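This report concerns only the one structure given below.
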Amino acid sequence: MKSNTDYKVLGVSLWAGLSAHTAQALATGRYPLLSLTRLMGISCLLILLTSSVTFAQHSPSQNFNQNWKFNLGDDSLAKHQAYDDSRWRKLDLPQDWSIEGKFDEKAPGTTNEAALPTGIGWYRKTFTIPATDKGKNIYIDFDGVYRNSTVWLNGHLLGNRPNGYISFRYDLTPYLNFGARPNVVAVKVDNSAQPNSRWYSGSGIYRNVWLLKENPHGFDQWDTFVTTPSINDQNATVRIVTKVNFGSLGKKLHLKITINNESGKTVAAVKSVIPYVGLFKAYSFREELKVFKPILWSVKHPYLYKAVCQVLDGDKVLNAETTSFGIRFFNFDEHKGFFLNGRSLKINGVCLHHDAGALGAVVNKHAIERQLKILKDMGCNAIRTSHNPPAPELLDLCDKMGFLVMDEAFDMWKKKKTQNDYHLDWDKWHKQDLIDQIKRDRNHASVFMWSIGNEIREQFDTSGIRIAKELAGIVKEYDPTRPVTSALTETDPKKNFIYQSGALDVLGFNYHHELYPDFPKNYPGQKFLATETVSALETRGHYDMPSDSIRRWPHNGKDPLKDGNADLTVSAYDNISAYWGSTHEETWKVIKKYNFLSGMFIWTGFDYLGEPTPYPWPARSSYFGIVDLAGFPKDIYYMYQSEWTNKPVLHIFPHWNWQPGKVVDVWAYYSRADEVELFLNGKSLGVRHKQVDDLHVQWRVRYEAGALKAVSRLNGKVVLTREIHTAGKPARIELITDKTKLKADGTDLSYITVRVTDAQGNLVPDAGNQIQFEVNGPGFIAGVDNGLQTSLEPFNSSSCKVFNGLCLAIIQSKNYKGKVMVTASSAGLQPVTIFIDCNK
């Protein structure tokens with residue numbers, strides 16, 4: 001019987017000691033057959049091999065988040081192993097100490113960084129390593145520390161990393177104690193030099209930490225690179241370029257690669273014999289496998305395969321690396337836009353900053369997943385990681401949920417945007433940081449392009465040519481398969497030096513939607529993507545009349561806002577934007593109209609902490625989001641849902657509680673229908689149809705209490721009906737949880753929406769009740785929020801004031817099973833309790 005595993009004998013090469021040109025040739029496959037006699041004087045033939053991936057994880061890694069100690073403040077002695085940390089706070093990572101603080105108008109980070117405290121913090125962890133691990137290589141991996149982290153082990157300096165968004169690793173092996181003798185890892189995090197960001201960064205070890213134990217015969221971090229150079233209906237060529245290290249000479253080992261589909265069935269495999277080659281300790285491979293009848297990854301069907309790479313000593317697995325990957329192909333066309341797997345696809349994207357609202361910068365997979373679910377339901381299919389390397393969990397989820405990702409590296413280069421930002425670290429660190437980002441993220445199916453910068457100031461002088469070429473060259477060296485862009489603001493080709501560099505595969509422009517139709521004339525032969533758009537301003541549930549005049553707040557970049565609302569709210573009708581931007585409808589009409597416009601990324605998907613432009617203190621978070629900070633959609637969400645999805649949509653607003661006789665503008669977003677009729681207390685107010693490029697319909701109605709009803713129809717048949725009722729006084733608390741079951745793992749989250757209603761269950765649109773929360777059982781309150789940009793209530797509280805009828809409580813599981821009981825109460829209202837099982 002013929003085996004389904006191919007066996008090949010191959011020679012292998014040592015990366016170290018080869019010329020840069022030769023090493024690059026090996027990596028890119030320029031030399032498919034190369035005589036090692038010419039390279040190293042050894043009579044041996046190198047046969048390179050290949051395969052394909054998305055995110056790689058070495059199997060021996062373990063979560064290293066538990067049982068740390070923390071102290072806010074500086075103490076240089078804390079790096080020493082014998083330091084007394086008995087009085088320090090005990091906690092589990094990830095942690096953001098800024099979000100735990102109080103809002104302060106005088107905070108050194110200013111309201112751009114949410115007016116929250118920064119400073120210096122220290123972390124320490126005491127741990128032991130079994131004596132049986134002697135002989136292994138042991139590493140610590142940090143997914144991200146904001147910012148300027150320095151790490152010691154047992155008093156020995158391991159290194160420093162200024163960039164707060166980059167992932168990095170240290171080798172612990174030389175300084176470890178094995179057996180009963182304890183080890184102490186100490187981390188200093190210095191976020192004291194302010195301001196250093198234009199948005200909320202958070203402070204501390206805010207992403208996950210991992211401990212990795214490997215046999216000396218293993219894979220280097222991020223060295224596996226997977227591509228799919230050939231894809232058709234019958235088969236896909238999956239290529240893996242990787243490197244294997246060897247801790248001793250004379251071993252005859254094997255490299256086995258297995259590809260499994262989502263059901264776990266093996267669809268391709270290869271086993272390669274590695275003969276002893278003498279002087280070499282690191283060997284590179286280029287292996288190609290065929291996957292027959294491949295299922296392609298797409299935004300609607302994000303199908304993932306798994307590749308398992310194993311180093312074998314006979315039947316013994318010395319090391320293994322498991323990688324999920326997608327098979328897909330795409331291209332940009334200067335006339336027709338973007339294509340995924342040969343089909344036209346408009347990129348309907350949003351920009352996201354990294355914070356999770358009330359949780360701050362803390363990375364939690366469930367918080368990210370909730371955000372992505374909300375956006376997916378809106379019809380969003382792409383994310384721009386503004387303006388930094390994202391958390392690995394975001395990319396993992398985008399792979400699984402079907403989002404394209406523009407993976408962005410920098411918000412500035414050598415020229416600063418704030419006094420103490422990354423420009424101070426540019427010369428020393430930009431190359432290493434970019435290489436690490438590309439190598440870490442290049443195998444993700446979701447990542448479809450790289451952005452080397454956002455609104456970079458070097459675009460205005462000739463240094464932009466040199467630096468853009470350098471950065472694009474680095475990207476292409478480590479990933480020649482994806483296009484490079486940069487989010488530009490200068491629209492005059494003669495004045496934009498990053499454009500003139502010729503280093504960009506796709507031109508990305510921020511704002512200026514009115515110039516998009518002339519793009520083919522101004523930039524002949526170029527491919528276009530609107531990398532940042534809109535910047536509209538909205539406060540959820542607040543409405544000002546009239547709604548049909550567009551306003552820019554402020555009017556320009558020199559004068560402060562003078563004609564906004566005194567309470568720093570802004571109308572939720574889509575008619576107000578920052579002076580550099582547009583309303584949502586203005587830009588989407590243009591993007592929708594022209595095929596050569598590949599798509600857009602809206603600023604932003606969610607409100608985010610910091611940058612409350614154009615508002616002063618006490619505003620401390622942004623107004624730009626389609627969804628508010630608590631995760632409650634604003635009305636504009638439903639315009640996109642009506643345009644970006646195939647589902648029937650009918651959304652009418654505003655609420656129906658007004659002063660008698662007031663003239664109120666009623667808007668409706670709808671889809672899968674050709675008309676909407678509006679009724680007030682049973683009387684028809686007329687039928688409306690979208691005209692030409694309209695995205696909503698409107699009625700001007702004199703208010704009277706009662707019921708407002710909208711009916712959408714297609715060819716005379718009713719599609720959907722929606723009603724809004726005049727609400728009475730607050731009478732009830734309603735709790736709605738997104739999960740009824742939690743994992744007892746200490747990280748799972750349940751988001752509980754609190755609605756204050758009248759006796760009939762109608763949301764009270766101006767309710768502002770103070771809600772008290774009590775939690776019993778294996779759970780605790782991780783944060784509370786109401787979405788109001790000017791609220792100065794702390795997020796880490798057991799109380800929250802309702803804003804426009806809504807607020808949110810985030811419940812986090814503990815590490816044991818049972819029932820979580822959550823009770824919400826408020827003066828004059830009956831308490832309400834819900835139960836959540838914590839036993840999965």
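The values are calculated or read from the model by the stated rules, or taken from the named source; none is laboratory data. Owing to the predicted nature of the structure, the values given are computational and were not obtained by experimental measurement. Note that each Cβ is placed from the backbone with ideal geometry, even for glycine, and that neighbours are counted across all protein chains shown. Ligands, DNA and RNA are stripped out before the accessible areas are found, and what is left, the full protein with its side chains, is counted by its heavy atoms. Shrake-Rupley method; radii C 1.70, N 1.55, O 1.52, S 1.80 Å.
Things worth noting here:
- With θ taken as phi - 60° and the Karplus curve 6.51 cos²θ - 1.76 cosθ + 1.60 applied, the whole-hertz 3J(HN,Hα) list for segment 646-660 is 9, 7, x, 10, 8, 10, 10, 7, x, 5, 10, 10, 9, 6, x Hz, x standing for glycine and proline.
- Reciprocal mean inverse distance between Cα atoms of segment 567-637 - Kirkwood radius, Å: 13.2 Å
- With coordinates expressed along the principal axes, the C-alpha atoms belonging to segment 539-581 extend over 29, 21, 15 Å, beginning with the largest.
- Debye equation applied to the C-alpha atoms of segment 582-739, log10 I(q)/I(0) at 0.15 Å⁻¹: -1.01
- Cα-based Rg / Dmax (Å) for segment 443-526: 12.9, 37
- Per residue accessible area in Å² of the chain, where ligands, DNA and RNA are left out and the probe is 1.4 Å: 39 Å²
- Between the residues Thr128, Leu488, Thr747, the greatest Cα displacement towards the positive end of the dipole of the chain, with unit charges on the Cβ of Lys, Arg, Asp and Glu, is found for Thr128.
- Using alpha-carbon coordinates, inclination of helix 392-401 to the longest axis of the chain, degrees: 70 degrees
- Sulfur and carbon atoms: percent of accessible area, segment 309-370 [1.4 Å]: 45 percent
- Value in Å of the Kirkwood radius, where segment 335-389 supplies the Cα pairs that are averaged: 12.9 Å
- Charged-residue dipole, Cβ positions (Lys, Arg, Asp, Glu), segment 277-366 about Cα centre, Debye nearest 20: 340 debye
- Approximate shape of segment 517-653 as ellipsoid semi-axes (Cα gyration tensor, √5λ), whole Å, largest first: 26, 19, 14
- Directionally averaged shadow of segment 424-568, computed from the convex hull of its alpha-carbon atoms, nm²: 12.6 nm²
- On Cα atoms only, tilt of 426-441 relative to the major axis of the chain in degrees: 90 degrees
- Heavy-atom accessible surface of segment 81-232: percent carbon and sulfur, 1.4 Å: 47 percent
- Computed helical MRE - 222 nm, the chain, DSSP H runs ≥ 4 contributing -39500 (n - 2.57), nearest 500: -3500 deg cm²/dmol
- Here the chain is treated with +1 on each Lys and Arg Cβ and -1 on each Asp and Glu Cβ, and its dipole about the Cα centre works out to around 2200 debye.
- Largest-first ellipsoid semi-axes for segment 645-717, taking √(5λ) over the Cα gyration tensor eigenvalues, angstrom: 23, 12, 11
- Amide H contacts for Leu404 (H built 1.01 Å from N in the peptide plane; partners 5 or more residues away or on another chain; cut-off under 5 Å): Ala382, Ile383.
- All lysines inside 19 Å of Lys415 as judged from Cα atoms, apart from same-chain residues fewer than 8 positions distant: Lys428, Lys431, Lys469, Lys495
- Net dipole in debye of segment 461-514 [+1 Lys, Arg Cβ; -1 Asp, Glu Cβ; about Cα centre; nearest 20]: 120 debye
- Here's how it looks for Leu172: its modeled amide H is under 5 Å from those of Ile138, Tyr139, Ile140, which are all 5 or more places away or on a different chain.
- Taking the Kirkwood radius as Rh and the Cα radius of gyration as Rg, segment 215-353 has a ratio of Rg/Rh equal to 1.07.
- In segment 705-771, the alpha-carbon atoms span a convex hull of 153 Å³ per residue.
- Of all DSSP beta bridges confined to the chain, the antiparallel ones make up roughly 80%.
- Taking amide H atoms as placed 1.01 Å from N in the peptide plane, the amide H of Asp607 lies under 5 Å from those of Gly625, Ile626, Val627, Asp628, Leu629, each 5 or more residues away in sequence or on another chain.
- Charged neighbours of Val719, selected by a Cβ distance under 12 Å, balance to +2 (K, R count +1; D, E count -1).
- Hull volume per residue, based on the alpha-carbon atoms of the chain and their convex hull, is 185 Å³.
- Cα-based reach from Lys346 at 19 Å (exclusive), listing lysines while leaving out same-chain residues under 8 positions away: Lys300, Lys336, Lys376, Lys527, Lys589, Lys592, Lys593, Lys647
- Surface share of carbon and sulfur [accessible, 1.4 angstrom probe, percent] for segment 474-605: 50 percent
- Shape metrics for segment 707-840, restricted to C-alpha atoms - Rg then Dmax, Å: 17.4, 56
- Pairs from the table (Lys690/Lys717; Lys136/Lys243; Lys365/Lys400; Lys90/Lys134) lying more than 23 angstrom apart at Cα are Lys90/Lys134.
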